[in-house]
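If you scroll down you'll find the structure; I have some questions about it.
The values are calculated or read from the model by the stated rules, or taken from the named source; none is laboratory data. Note that the coordinates shown come from a computational prediction; the quantities given were computed from them, not determined experimentally. Here Cβ is always computed from backbone atoms with ideal geometry, including for glycine, and neighbour counts include all displayed protein chains. The accessibility values were calculated without ligands, DNA or RNA, using every heavy atom of the protein model including side chains. Shrake-Rupley method; radii C 1.70, N 1.55, O 1.52, S 1.80 Å.
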Amino acid sequence: MCFFRSSGALASRICRRMLQQVIHRGLKSFFYKLGLFVSRHPVFFLTVPAVLTIIFGFLFLSRYKTETDLESLVAPSHSLAKIERSLASSLFPLDQSKKQLYSDLHTPGRYGRVILVSRPGGNILLQAEHILRIHQAVLEMRNGRQSFIGHQLGGVAEVPNSKDQRVKSAKAIQITYYLQNYGSATQDLISEQWETEFCTLMDHLQEEHPDIKLYTLTSFSLLRDFQKTIDLSRSKIVVSLMLILVAATLSSSMKDCLRSKPFLGLLGALTICISSVTAAGIFFVTDGRYNSTLLGIPFFAMGHGTKGVFELLSGWRRTRESSPFKDRVADAYSDVMVSYTMTSSLYIITFGMGASPFTNIEAVRIFCQNMCITIVLNYFYVFSFYGSCLVFAGQLEQNRYHSIFCCKIPSEEYLDRQSIWFQTLMSDGHQHSSHHEPDPYENHFIQHFLREHYNDWITNTYVKPFVVILYLIYASFSFMGCLQISGGSNIIHLLASDSPSVSYAIIQQKYFSNYSPVIGFYIYEPLEYWNSTVQDDLKTITFGFNTESWIEQYYHFLKAGNISASNKTEFINVLQNIFLKKSEFQHFKNDIIISKSSEEMNIIASRMYLVARTSENTQREVVELLEKLRPLSLIQSIKFIVFNPTFVFMDHYGLAVTMPVLISGFSVLLVLILTFFLVIHPLGNVWLIITVTSIELGVLGLMTLWNVDMDCISIMCLTYALNFAIDHCSPLLYTFVLATEHTRTLCIQESLQEHGTAIIQNVVSFLIGLVPILFVPSNLTSTLFKCLLLTGGCTLLHCFVILPVFLTFFPPSKKRHKKKRRAKRKEREEIECIEIQENADHVTAV
């Protein structure tokens, strides 16, 4: 019975291995034929992508538009706060609110704000005359706005030993001007023009009043400063492109003027550039609008596309030099395009999941859609446009043309008669063939460094303990950072760092962070306000808040006037006919909705305003406050909602931004499990999952320690880090597990020698291209730089330090290859002995 079980398991294992080999060989055969087809029609595959780029590049320039709605872009698409805002707007429409500061809390609306700060050591209260002049100048502005002044004091010092908390001095005052806006396009245009004139006026008033520092903010400022990053980064992106082109050109060069491929490195980077331009044209053809978050796409595309380009170039250098150039192109395709196809598919799957309706942030969804289009076009351009360039370069090499000057390389006899500088420029590496290695491509400086120096050093026994300690330190910091992850719902993190909005936010945080934003408290069902139990419930809910409430004022009015209102009829009659008639309480009319019927009157809805005491971290405390208030509406008998315009950006933001990376991680795991049948050795997938997890957690933890929050930019970078790690680690790991050397050390050295050059070329070009965006004065590009730098650094650390050491003492074992080699060597020795015994005279003759 045991014999049959073992034989059945062996048969199934053999069948699975045969299926894997058939699929693998079938894919390699397909790409070999594709390479032959491209090499036989290079002009076609060169012109078609070029024509597409010209067409869509023209459409890109002619249909370029920018995003005009910041809230729909960065706020969660499906949030409870938007439902609450709709309910509040239906109960208390905007046209009922014309003179009150808190009336526009259910909509951001149009507004202009200014914070006036006294000079160091000064008292803003002593500048009352200047403040009134500034206020009067604002009120004299035209364009038919409805204004209201609402003021707050910041940096307040109270009179010592004062029982009524009298204010002694203040360092800042905040004034807000709300504009009447009914939602029409004409009214919105007028309001926008007023906001522009408001900012211009504040700049002019700043010159007239040097003793007061003015900080302004309007509703249009956030969008303007968000899109300002585009203008600030244009020149830096051009510099990044130039640096990548230079790095790609230099890293592809050799001393050998025949086999050096500087133009192939240059054309490889340009291939990714023109494919990205084509993708941008397709985006604008489909009525897309550009926004600052899409700045990361060129860097994301370059990081993946140039990896395929450098791998294809390395595959060309591994082919036989004596073969025809068309066969060499086909061999390079067969060797490289299988892995490049799989990694490109993973990019499309992970970013495709990010573009699904499960993604609750519109900016992330749009980014993922564009990334999918860009990856598809990158793949098409690499095997078509760049493949054609490889064909022409191979033809020049076969005909012995100079790789730079495109002239015939002189003969060795002619070069010997020339000067040293001429010999250096025109040397093809074969003048002294007896001193050269069998493979001339091994003279590439990166290949030479890895083979002669680095491979032996990193696998040295004395180096391994230090690498283990290094990884433990890396893992400790990563784990510590993962425990400190914070949400990034603050919109300031996406703005240009030197913009007026950021300056305003810093000053507001400094002087006005002791209290939360004013929170609207809406009771949307009829309530027995005259009932003492209801009054106690309201006090319980609003305990700890500073309130602006008609209910509280009405109760004090009844108590002070010794007026009885113990039933519904008395309560509403006194409220309507006495309380709301007084001038000091008339502004509460807009906070109460009373239904009038033939028989009786009912208070069907009302509102009040709450302000909570907070510490310096206002953003997080407001989120926690929101999470505590909402469940109370389900527990208490009073049905209410709470809302502030900032809640739209805060509502479940942490869950909204983490969902894409969770979906992407799950899709990567699922794909890697399913591809067990496509890999000759499934242990390669196990190692790949472990490595990618280590890199992802490292990037996540270290970016947290580097003060990067989980916002829409960082979450897109984390999704990219998954794919970037797979892109670079998978060829190294699969080559290792399939290597047939008799020790693990030799296997990892062979893997580094085969793929290390392409990895170094791509990662170094990628990191060099990031340097210019460090100098863009924007919080968005700062987050992008930090996350992508950590992605490239952690990937490089794992590929060249951690994996080469850990793979030398962890499975898979290479003993079976050692036994096979010994058996073959023993069999060969036995055959030789038999031949010697049968032909002894032959030995003597020799």
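Looking only at region 690-736, which residues are surrounded by 23 or more Cβ atoms within 10 Å (Cβ to Cβ) and among the β-branched types (Val, Ile, Thr)?
Once the filter is applied, which keeps residues that are surrounded by 23 or more Cβ atoms within 10 Å (Cβ to Cβ) and among the β-branched types (Val, Ile, Thr), region 690-736 yields Thr691, Val692, Ile695, Val699, Val708, Ile713, Ile715, Thr719, Ile726.
Then there's this: Could you go through region 548-565 and let me know if any residue there is assigned to a helix (DSSP H, G or I), among the charged types (D, E, K, R) and over 40 Å from the mean Cα position of the chain (by Cα).
There is at least one residue in region 548-565 that is assigned to a helix (DSSP H, G or I), among the charged types (D, E, K, R) and over 40 Å from the mean Cα position of the chain (by Cα).
Only one residue in Tyr529, Tyr522 is in a loop (DSSP other than H, G, I, E, B), in contact with a strand residue (DSSP E or B) (Cβ under 8 Å, 6 or more places away or on another chain) and buried (at least 18 other Cβ atoms within 10 Å of the Cβ). Which one?
The conditions single out Tyr529.
Sort out for me the helices (runs of 4 or more DSSP H) sitting completely within region 1-86 that have 3 or more residues that are at pLDDT below 80 and out of contact with any Pro (no Cβ under 9 Å at 6 or more places or on another chain).
Correct list: 2-40.
Also, quick follow-up: If you check Tyr102, Tyr111, which single one turns out to be assigned to a strand (DSSP E or B), at pLDDT below 75 and closer than 19 Å to Phe512 by Cα?
Criteria check complete, one pass: Tyr111.
Just one of (1) at pLDDT below 95; (2) within 26 Å of Leu232 (Cβ to Cβ); (3) crowded, with 20+ Cβ neighbours inside 10 Å trips up Leu790, so point out which.
Only one criterion in (1) at pLDDT below 95; (2) within 26 Å of Leu232 (Cβ to Cβ); (3) crowded, with 20+ Cβ neighbours inside 10 Å is unmet by Leu790, namely (1).
Of all residues in region 482-506, how many are surrounded by 19 or more Cβ atoms within 10 Å (Cβ to Cβ) and out of contact with any helix residue (DSSP H, G or I) (no Cβ under 9 Å at 6 or more places or on another chain)?
Of the residues in that region, 0 qualify.
I need the full set of residues from region 629-648 which are surrounded by fewer than 16 Cβ atoms within 10 Å (Cβ to Cβ) and under 22 Å from Ser77 (Cα atoms), in order please.
Pro631 - this is the single residue of region 629-648 that is surrounded by fewer than 16 Cβ atoms within 10 Å (Cβ to Cβ) and under 22 Å from Ser77 (Cα atoms).
So Phe545 clears everything in (1) open to solvent by 50 Å² or more (accessible area, probe 1.4 Å); (2) within 19 Å of Val611 (Cα to Cα); (3) in contact with a Leu (Cβ under 8 Å, 6 or more places away or on another chain) except one condition, right? Which one?
If we test Phe545 against (1) open to solvent by 50 Å² or more (accessible area, probe 1.4 Å); (2) within 19 Å of Val611 (Cα to Cα); (3) in contact with a Leu (Cβ under 8 Å, 6 or more places away or on another chain), just (1) comes out false.
Does region 569-590 hold any residues that are modelled with pLDDT of 85 or more, touching a strand residue (DSSP E or B) at 6+ places or on another chain (Cβ under 9 Å) and either under 26 Å from Val642 (Cα atoms) or surrounded by 15 or more Cβ atoms within 10 Å (Cβ to Cβ) (or both), and which are they?
Phe571, Ile572, Leu575, Gln576, Leu580
Could you say whether any residue in region 604-612 is open to solvent by 20 Å² or more (accessible area, probe 1.4 Å), farther than 17 Å from Pro645 by Cβ and modelled with pLDDT of 85 or more?
Yes, region 604-612 contains a residue that is open to solvent by 20 Å² or more (accessible area, probe 1.4 Å), farther than 17 Å from Pro645 by Cβ and modelled with pLDDT of 85 or more.
Can you find a residue that is β-branched (Val, Ile, Thr), under 30 Å from Ile593 (Cβ atoms) and in a loop (DSSP other than H, G, I, E, B) anywhere in region 482-490?
Taking every residue of region 482-490 in turn, none turns out to be β-branched (Val, Ile, Thr), under 30 Å from Ile593 (Cβ atoms) and in a loop (DSSP other than H, G, I, E, B).
Could you give every pair whose Cβ atoms fall below 8 Å, whose first residue belongs to region 229-243 and is farther than 15 Å from Asn291 by Cβ, and whose second residue is hydrophobic (A, V, I, L, M, F, W, C) and not in a helix (DSSP H, G or I), counting only separations of at least 6 or pairs across chains?
Matching pairs, first to second residue: Lys236/Val776.
Return the residues of region 263-287 that are open to solvent by 10 Å² or more (accessible area, probe 1.4 Å) and either part of a loop (DSSP other than H, G, I, E, B) or in contact (Cβ under 8 Å) with a residue 60 or more places away in the chain (or both); say none if nothing qualifies.
Within region 263-287, Phe263, Leu267, Ile274, Ser276, Val277, Ala280, Ile282, Phe283, Val285, Thr286, Asp287 meet the criteria.
Could you please give the count of residues in region 758-792 that are without any contact (Cβ under 8 Å) to a residue 40 or more places away in the chain and more than 30 Å from Ala332 (Cα to Cα)?
Residues that pass the stated criteria total 3.
Only one of Leu702, Leu746 is at pLDDT 90 or above and not acidic (Asp, Glu); which?
Leu702
Return a yes/no flag: does region 172-191 have any residue that is of a type in the set (Gly, Ala, Ser), modelled with pLDDT of 90 or more and surrounded by fewer than 22 Cβ atoms within 10 Å (Cβ to Cβ).
no
Give Ala505, Ala496, Ala475 a once-over and let me know the one that is over 30 Å from Asp203 (Cα atoms), hydrophobic (A, V, I, L, M, F, W, C) and within 32 Å of the chain's Cα centre (by Cα).
Result: Ala475 is the single residue among Ala505, Ala496, Ala475 that is over 30 Å from Asp203 (Cα atoms), hydrophobic (A, V, I, L, M, F, W, C) and within 32 Å of the chain's Cα centre (by Cα).
Does region 578-586 include one or more residues that are in a helix (DSSP H, G or I) and either closer than 23 Å to Ala88 by Cα or touching a residue at least 40 places away in the same chain (Cβ under 8 Å) (or both)?
Yes, some residue in region 578-586 is in a helix (DSSP H, G or I) and either closer than 23 Å to Ala88 by Cα or touching a residue at least 40 places away in the same chain (Cβ under 8 Å) (or both).
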